[in-house]
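These notes are about the structure you will find just below.
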């Protein structure tokens, strides 16, 4: 499965960057490495680059499985589309993907509509964030197969 996520890794590394000291993202979530949250993330506890890389791989598998459960059509779609949906879920959470109109459009194979829906998810901490606008645009291009 991980071999299908080449574009996911590019997106996650590009848009998350790698910060080895925990910080609070614009949504107020404690984050470290390449956007890791939750288990193993503690205030003031630094990570090594190796820890960040390993966690990104672990999270990639976890989110990819969740994406396939929510969007089974992606099992037979391009790796780029699969990576785009995985990055979306990694950034926003699997719950956001599951409850989204974007998921419905993906499962219907309506790629232009899925792309438009993806681009609506650009707020963090209650405001539009340039980084999210750029990230959704990159995901959108992958969904359309034009990246």
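The set of residues in the stretch 16-25 being out of contact with any helix residue (DSSP H, G or I) (no Cβ under 9 Å at 6 or more places or on another chain) and part of a loop (DSSP other than H, G, I, E, B) consists of 17, 25.
Scanning the stretch 128-146 for residues that are out of contact with any strand residue (DSSP E or B) (no Cβ under 8 Å at 6 or more places or on another chain) and in a loop (DSSP other than H, G, I, E, B), we see that the one that is surrounded by the fewest Cβ atoms within 10 Å (Cβ to Cβ) is 146. Just to be sure, is residue 96 touching a residue at least 24 places away in the same chain (Cβ under 8 Å), surrounded by fewer than 17 Cβ atoms within 10 Å (Cβ to Cβ), touching a strand residue (DSSP E or B) at 6+ places or on another chain (Cβ under 8 Å) and over 18 Å from residue 14 (Cα atoms)? Taking the combined requirement at face value, the residue does not satisfy it. The residue that is surrounded by the fewest Cβ atoms within 10 Å (Cβ to Cβ), counting only those in the stretch 100-127 that are within 14 Å of the chain's Cα centre (by Cα) and part of a helix (DSSP H, G or I), is 103. Can you name every one of the helices (runs of 4 or more DSSP H) wholly within the stretch 26-99 that holds 2 or more residues which are within 16 Å of residue 1 (Cβ to Cβ)? Here the list reads 49-70, 79-92.
Every read-out reported here was derived from the displayed coordinates using simple, explicitly stated rules and does not represent laboratory data. For clarity, every value in this text was computed on a predicted model and none was experimentally measured. Heads up, the Cβs are rebuilt from the backbone with ideal geometry, glycines too, and the neighbour counts pull from every protein chain shown.
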